[in-house]
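Take a look at the structure set out below.
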Ligand SMILES: [Fe+2]
């Protein structure tokens, strides 16, 4: 199972505060069945300088490497990039993709997206070597109408939902229905620590299995592979 969204790298963003916490998060993820995990620290173009950001990410990874063991998922370096208007013509945006894939995890503002913003997302996705995946889409539902989601999905934008959306009783039915309808491409724990936002990917998978059986879990596997390695939709 591939957790596509997490903040376990130590002392980098608002995620793990120490190497010890990172190690505990990784071991807990693996215990829950996560074999691969994308490290997706926040990149805010309004505050971060890309060069300095990559140096900081490398520094954080180097801190962690001596403590990596076999009972942890494989780590794929990436980023959670916040939207900005010029993103579709940025040269350096390719460097923010999830390692060895074309996936770019894009965090959108929690506002109603204008048609211009939607078109910028599509222009970015049209670029060679980039497949846009929107991060934690459940956060944006209340701001967008159905037409927006259909427009983006029909034009090939990939959708990531948080594990939490399957776990919370209030949203579980909607999460399962969306999954059944093919509206979710990947799940992310978006774990930040071991307390308030812990690794919870395995719990979401067990809920999928409970509602949809082993076939549901196999579907998730297939969707993960297609999103990671398949052609653009
Ligand atoms: Fe995140």
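Per-residue answers, yes or no, for (1) within 16 Å of the ligand (Cβ to nearest atom); (2) under 30 Å from residue 206 (Cα atoms); (3) surrounded by 19 or more Cβ atoms within 10 Å (Cβ to Cβ):
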site: 52; (1), (2), (3): no, no, no
site: 63; (1), (2), (3): no, no, no
site: 86; (1), (2), (3): no, no, no
site: 111; (1), (2), (3): no, no, no
site: 125; (1), (2), (3): no, no, yes
site: 131; (1), (2), (3): no, yes, yes
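Any residue that is in contact with a strand residue (DSSP E or B) (Cβ under 6 Å, 6 or more places away or on another chain) and over 17 Å from residue 23 (Cα atoms) - is there at least one of those in the stretch 87-94?
There is no residue in the stretch 87-94 that is in contact with a strand residue (DSSP E or B) (Cβ under 6 Å, 6 or more places away or on another chain) and over 17 Å from residue 23 (Cα atoms).
Please verify whether residue 153 is farther than 30 Å from residue 18 by Cβ, buried (at least 16 other Cβ atoms within 10 Å of the Cβ), away from the ligand (no atom under 16 Å from the Cβ) and modelled with pLDDT of 95 or more, treating the condition exactly as stated.
For residue 153, the condition - farther than 30 Å from residue 18 by Cβ, buried (at least 16 other Cβ atoms within 10 Å of the Cβ), away from the ligand (no atom under 16 Å from the Cβ) and modelled with pLDDT of 95 or more - is met.
With respect to the numbered conditions (1) within 16 Å of the ligand (Cβ to nearest atom); (2) surrounded by fewer than 17 Cβ atoms within 10 Å (Cβ to Cβ), which one is the sole condition not fulfilled by residue 45?
Result: residue 45 fails condition (2) only.
What tally of residues in the stretch 12-33 results from selecting those that are away from the ligand (no atom under 16 Å from the Cβ), in contact with a helix residue (DSSP H, G or I) (Cβ under 6 Å, 6 or more places away or on another chain) and either under 25 Å from residue 94 (Cα atoms) or touching a residue at least 60 places away in the same chain (Cβ under 8 Å) (or both)?
2
The values are calculated or read from the model by the stated rules, or taken from the named source; none is laboratory data. Source: prediction; values computed, not measured. As a convention, Cβ positions derive from the backbone with ideal geometry for all residues, glycine included, and neighbour counts pool all protein chains shown.
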